[in-house]
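First comes the structure, then the notes that go with it.
Any read-out appearing in this document is the output of simple, stated calculations on the displayed coordinates, not a laboratory observation. Since this is a predicted model, take the numbers as computed values, not measurements. Cβ placement follows ideal geometry from the backbone for every residue including glycine, while neighbour counts extend to all protein chains displayed.
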Amino acid sequence: MNILLITPGINKRFNDNYHAYRYIADNDNNVLAISNKEATNKGGRLHKDPEFEVDGSLVIHRIFNSIREQQSFLRRLPYKQKIKNFVSEFRPDVIFCEEISNLRLALEIKREFKIPIVLRTEFAFDADYPYRSMGRLLQIFKNPLTGDRLAILVGGLIWGWAYANSDAVISCYYEDAPKQPEVNNTPFYYVPWPSYIPNIEGEVTRVRDRAIFIGAFDSHKNMSELLSTIPQLLQKTPLKEFCVVGTGQDLSVIEQLKASYPDSILHFVSLSREECLKLIRDSFFSYSPATRGGWGFIGDSWAMGTPIVVTHNHYGFLDDFDSVVTSPEEIVNRVKSLYETETEFERVRVGGHKRFLENHTAEAVGSRFLEICTLAVRSLQ
């Protein structure tokens, strides 16, 4: 099968999804990716990728200079013929479109070449939480007079358009799974976020008194929780060092903690993926205060065999099996238990790694993507 991938970014060093697409390409399929030259690493630092790249049967054309250029109809116009030439030569069977923001480009190609679209998103629309799926776009419709009603209306209309123009929709969000098998007559699937683990040099040297968090400091990462939990953990458990990698709108939280505990808070704005994975592997536990998202960090923790402590169950976590599910009020007692009970530490470590192997490898996720693409193609035959 020939799969045309439209993605806001693709880079083997930073994007876990890259390796799911490479898995598809390595199994008797051809993948042509259309993207842009921008790439960001774990700390949000911007890099520029080459315009053309070949990795086996995965071919990448970074036609656009930026994400904004790629997603703007007017800014795309100068590239229209170039895209048409690439697609005509490739002759795709299906379009795999990442995110609604790229759906208009996918639709232009679908109308020209009469092929199905599989739309993959991080979240599906939820009227109870309209900002989850579309963020700041829907925030502009919130006001004291109408509350969330306009955001729900506009978000519902946009998602109705997306479902109507897609032949299948995939969400990475665990809580969207019950919406299967279809929404608005469009097949709907839940497929977890993949984690790709390169070969990490050196043996595990677990630092018993260190915990770690990695991610963008967005509102849903709930960074403010750390202001109450980290001081308690530093004072009442064997934890002596809390390592943080990332930056964002809630950077002040880490600055406050660092001012109060200068010897205990280790903050890196940006690190390579390999450096992040080494830090996770060698920490005693990972800690996520997030109310949603953060799947890359969660999957990496499971992959590296490091127990993860969470205070909000937004990912189908199984307490005392693949994670420690607790609350800000109980986190001290649960972390103490993790330190004091070797069998509990090992049980959570092994359970998390088992979940990674079964659901989150590039092979597992790539296989599901390929299966859904095949079904979408058959549905139009």
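If you take every residue apart from L74 with its C-beta less than 15 Å away from the C-beta of L74, what net charge results, scoring Lys and Arg +1 and Asp and Glu -1?
So the environment of L74 carries a net charge of +3.
Grab the other residues whose beta carbon is less than 10 angstrom from that of A168, score K and R as +1, D and E as -1, and report the net.
-1
Report the calculated FRET efficiency for S367 and M1 (r = Cβ-Cβ distance, R0 = 22 Å), to the nearest 0.05.
0.95
For Y189, which sequence-distant residues (separation of 5 or more, or a different chain) have an amide H within less than 5 Å of its own amide H, given hydrogens modelled in the peptide plane?
Counting only residues 5 or more places away or on other chains, the set is V169, I170, S171.
Report the gain in length on full extension from S224 to E329: 0.36 nm times residue separation, minus Cα-Cα distance, nm rounded to one decimal.
So the extension gain works out to 36.4 nm.
Cross-link partners among lysines for K84, C-alpha distance below 23 Å, same-chain residues fewer than 8 apart left out?
K37, K110, K114
Quick one: which residues, 5+ away or cross-chain, put their amide H under 5 Å from the amide H of S323? H built at 1.01 Å from N.
L318
Treating only the Cα positions of segment 246-381 as identical point scatterers, give the base-10 log of I(q)/I(0) from the Debye formula at each q in 0.10, 0.12, 0.18 Å⁻¹.
-0.42, -0.58, -1.11
Rounded to the nearest whole Å³, what is the per residue volume of the convex hull around the Cα atoms of segment 111-194?
108 Å³
Have a look at V335, I280, Q249 and report the one farthest towards the positive end of the charge dipole of segment 207-360, computed about the Cα centre with Cβ charges (Lys/Arg +1, Asp/Glu -1).
Of V335, I280, Q249, it is I280.
Choose one answer from E203, E371, E340: the residue with the largest mean-square fluctuation in a GNM of the chain with alpha-carbon springs under 10 Å.
Most flexible of the set in this elastic network: E203.
Hey, how many Å between the Cα centroid of segment 260-274 and the Cα centroid of segment 9-30?
One Cα centre to the other: 30 Å.
Using alpha carbon coordinates only, what is the Rg to Rh ratio of the chain, with Rh defined as the Kirkwood radius?
0.98
Once label points are set 7 Å from the Cα along Cα→Cβ at both R208 and R111, what is their separation, rounded to one decimal in nm?
The modelled label-to-label distance comes out at 6.6 nm.
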